[in-house]
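Below you'll find the structure, written out as structure tokens, and then a few comments.
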Amino acid sequence: MLVLDGFPEPTLVEREADGFLDTHTHPFEVKALVVSGQIDLVVDGVRTSYISGELFHLLENQVHTECYGNNGVQYLASRKNSSESH
């Protein structure tokens, strides 16, 4: 899926238990697979929880917040800058 969409190999990201990142953006698009734990993302006022085995996708410069579960979260993230597109 990642290769077909022009994404590079994913890297493992680990976030601390009960952590939080306030409203921000990333200068890249990301597709990620939650390996363990939980991450809650708030995008356009809508909160969505992702747990082990689930995928999430954020567009480049998409405004969001992040909140990590009681056990933190580990996810495999592949990040693509618009300059890396086909």
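The values are calculated or read from the model by the stated rules, or taken from the named source; none is laboratory data. Since the model is a prediction, treat every value here as computed from it, not as a measurement. Quick note on the areas: whole protein, heavy atoms, side chains included, nothing else; ligands and nucleic acids left out. Shrake-Rupley method; radii C 1.70, N 1.55, O 1.52, S 1.80 Å.
Here are a few things to note about the model shown:
- Number of residues in region 11-37 that are part of a strand (DSSP E or B) and open to solvent by 60 Å² or more (accessible area, probe 1.4 Å) equals 10.
Conditions tested, residue by residue: (1) under 11 Å from the mean Cα position of the chain (by Cα); (2) on the phi > 0 side of the Ramachandran plot; (3) among the polar types (S, T, N, Q).
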{"position": "P8", "(1), (2), (3)": "no, no, no"}
{"position": "V13", "(1), (2), (3)": "yes, no, no"}
{"position": "D18", "(1), (2), (3)": "no, yes, no"}
{"position": "S36", "(1), (2), (3)": "no, no, yes"}
{"position": "D40", "(1), (2), (3)": "yes, no, no"}
{"position": "D44", "(1), (2), (3)": "no, yes, no"}
{"position": "I51", "(1), (2), (3)": "no, no, no"}
{"position": "G72", "(1), (2), (3)": "no, yes, no"}
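- Filter result (open to solvent by 60 Å² or more (accessible area, probe 1.4 Å) and among the charged types (D, E, K, R)) within region 38-86: D44, R47, E54, E60, R79, E84
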